[in-house]
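The values are calculated or read from the model by the stated rules, or taken from the named source; none is laboratory data. The structure displayed is predicted, hence computed values, not measured ones. Please note: Cβ atoms are built from the backbone with ideal geometry, for glycine as well, and neighbour counts cover all protein chains shown. Just so you know, the surface numbers come from the protein's heavy atoms only, side chains and all, with ligands and any DNA or RNA stripped out. Shrake-Rupley method; radii C 1.70, N 1.55, O 1.52, S 1.80 Å.
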Amino acid sequence: MATNNNRPRALITGASAGIGEGFAEHLARRGHDLVIVARRRDRLDGIADELLQAHGASCEVIEADLTNDEDVSRVQDRVRRGDIELLVNNAGFGTFGEFAKLPLERELQELDLNVRALVRLTHTALQSMIERRRGGIINVASAAAFQPIPYNATYAATKAYVLHFSEGVHEEVASHGVTVTCLCPGPVKTEFQQVAGISESFMPSFAWESVDSVVEAALGGLRAGRAIVTPGLVNAMSSASSRMAPRFLVRRIAGAMFRNQAGGS
């Protein structure tokens, strides 16, 4: 399908499911063409077909594993074409368990995806956005960014990095007409829990947010020029309380919650 040059284009990583797929659907509905990136080509092709039929959105598919340097470089090359108005760095995963007993290679892959790939794509996208004096970047972190979490230590640390990195860059580029927004959702029912090995029962039902509500909050926050978006009242309150409480208490409470999930003593 030929692309309408009047339609803005967004690039979304981790677009094959969950929050990333939610961003793709919402943005296509709002008139964006898309570049969707993930490992599962079959899922991406299906999403591209659905969005073309439902919204007339042109969807370019890039099959890439962003824990791999060469694949990240290929996505950077696509971003360098300079036509990306919105970058959504959504790809990421978590691991769960006692850090010393987890496979080190998987922990390092978590750093590669959650941090290094995000930093590389953000840096690349900002070059053309600053030059054009417009554009937006949504970096998906987590409510986990606001405190250390025993038994989820690497994941929480990567998301703390994403939060602080995004806030810093937000201030740097605001005067150039570019907005960087960090999305910090609480629990959202996606494939994330299955990949991380966390039972959904660790949080009460009222604490869970839908993909649609999280995406709507993120896009609204971007339009408003906000640096941080914490969707949902429960999530906002718990994130605020974790910042005000003594750190030793925060980590002990988090450790107790996740220790039970890990089956530790």
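Observations, loosely collected:
- Among the residues of region 75-84, those identified as assigned to a helix (DSSP H, G or I) and open to solvent by less than 40 Å² (accessible area, probe 1.4 Å) are VAL75, GLN76, ARG78, VAL79.
- Within region 226-235, the residues that satisfy the criterion of being surrounded by 17 or more Cβ atoms within 10 Å (Cβ to Cβ) and either in a helix (DSSP H, G or I) or at pLDDT below 65 (or both) are VAL234, ASN235.
- Matching entry among ALA57, ALA24 (being part of a loop (DSSP other than H, G, I, E, B) and crowded, with 19+ Cβ neighbours inside 10 Å): ALA57
- Scanning region 85-118 for residues that are crowded, with 21+ Cβ neighbours inside 10 Å, assigned to a loop (DSSP other than H, G, I, E, B) and of a type in the set (A, V, I, L, M) turns up just one, ALA91.
- Screening region 8-21 for residues that are hydrophobic (A, V, I, L, M, F, W, C) and open to solvent by 10 Å² or more (accessible area, probe 1.4 Å) and picking the one that is nearest to the chain's Cα centre (by Cα) gives ILE19.
- Taking every residue in region 92-117 that is touching a residue at least 12 places away in the same chain (Cβ under 8 Å) and pairing it with any residue that is in a loop (DSSP other than H, G, I, E, B) and surrounded by fewer than 15 Cβ atoms within 10 Å (Cβ to Cβ), at least 6 positions away or on another chain, the pairs with Cβ-Cβ distances below 6 Å are PHE96/GLY197.
- Tally, over region 129-149, of residues that are surrounded by fewer than 17 Cβ atoms within 10 Å (Cβ to Cβ) and either in contact with an Asp or Glu (Cβ under 9 Å, 6 or more places away or on another chain) or in contact (Cβ under 8 Å) with a residue 60 or more places away in the chain (or both): 3
- Complete set of residues in region 200-225 that are modelled with pLDDT of 95 or more, assigned to a loop (DSSP other than H, G, I, E, B) and either buried (at least 17 other Cβ atoms within 10 Å of the Cβ) or among the hydrophobic types (A, V, I, L, M, F, W, C) (or both): ALA224
- Subset of region 119-155 (residues that are of a type in the set (Gly, Ala, Ser), in a helix (DSSP H, G or I) and within 16 Å of VAL188 (Cβ to Cβ)): ALA143, ALA144, ALA145
- Which numbered condition ASP71 fails, given (1) of a type in the set (D, E, K, R); (2) buried (at least 16 other Cβ atoms within 10 Å of the Cβ); (3) in contact (Cβ under 8 Å) with a residue 24 or more places away in the chain: (3)
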